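The structure under discussion appears below in the form of structure tokens.
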Amino acid sequence: VALGGYMVWRGFGGQRRAVPNDGQSSFSALAIMGGVARRSSSQAFAGADLTAVMGGCEIDLRQASIPPGSEAVIDVFAFWGGIDIKVPQDWTVITQAMPLMGGIDDKSRAPQGAATKRLLLRGIVVMGGVTIKN
């Protein structure tokens with residue numbers, strides 16, 4: 001019941017952000033029994049909202065950049081689905097998502113030197129998976 005309520009809450013506007021001017025610095029992806037592939041090359045990436053229900057999201061951020069000293073946030077919700085995120089090598093990934101009978105696999109390499117670009121991953125993964133890699 002709680003999971004259904006959470007899905008309805010997100011569907012009707014929970015955790016929405018203001019849409020930036022360039023259209024690529026922040027985006028949403030919804031995959032229900034299907035697949036979504038998105039790519040961003042924004043030099044001021046702010047974040048994303050990704051939902052996969054019995055489907056998959058493939059997100060390529062290797063050409064994007066986060067302004068130095070700032071943080072981008074990706075909210076994930078995977079229910080019997082998977083989310084693959086590809087990030088540049090100069091980003092530090094911080095995972096605050098909670099897996100419930102699922103998994104989160106961070107295969108990204110830590111940047112050499114001082115890390116000034118941070119990606120925060122938060123959300124819920126239920127019987128699904130999230131993979132982050134370079």
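Cβ-Cβ distances below 6 Å connect the following pairs, each with a first residue in the stretch 83-109 that is of a type in the set (S, T, N, Q), a second residue that is open to solvent by 60 Å² or more (accessible area, probe 1.4 Å) and part of a strand (DSSP E or B), and a separation of six or more residues or different chains: 92/118; 95/106; 96/122; 108/133.
For the stretch 66-112, a residue qualifies if it is under 17 Å from residue 36 (Cβ atoms) and touching a Lys or Arg at 6+ places or on another chain (Cβ under 7 Å), and the qualifying residues are 75, 77, 86.
Within the stretch 49-58, identify whether any single residue is hydroxyl-bearing (Ser, Thr, Tyr) and touching a Ser or Thr at 6+ places or on another chain (Cβ under 6 Å), and answer yes or no.
Let us first name the residues in the stretch 49-58 that are hydroxyl-bearing (Ser, Thr, Tyr), namely 51.
Then keep just the ones that are touching a Ser or Thr at 6+ places or on another chain (Cβ under 6 Å); that gives none.
Within the stretch 49-58, none of the residues are hydroxyl-bearing (Ser, Thr, Tyr) and touching a Ser or Thr at 6+ places or on another chain (Cβ under 6 Å).
The values are calculated or read from the model by the stated rules, or taken from the named source; none is laboratory data. It should be emphasised that the depicted structure is a prediction, and the values quoted were computed from it without experimental measurement. Backbone-built Cβ (ideal geometry, glycine too); neighbour counts: all protein chains shown. The protein model used for the area step is the full one, side chains on, heavy atoms only, and it has no ligands, DNA or RNA in it. Shrake-Rupley method; radii C 1.70, N 1.55, O 1.52, S 1.80 Å.
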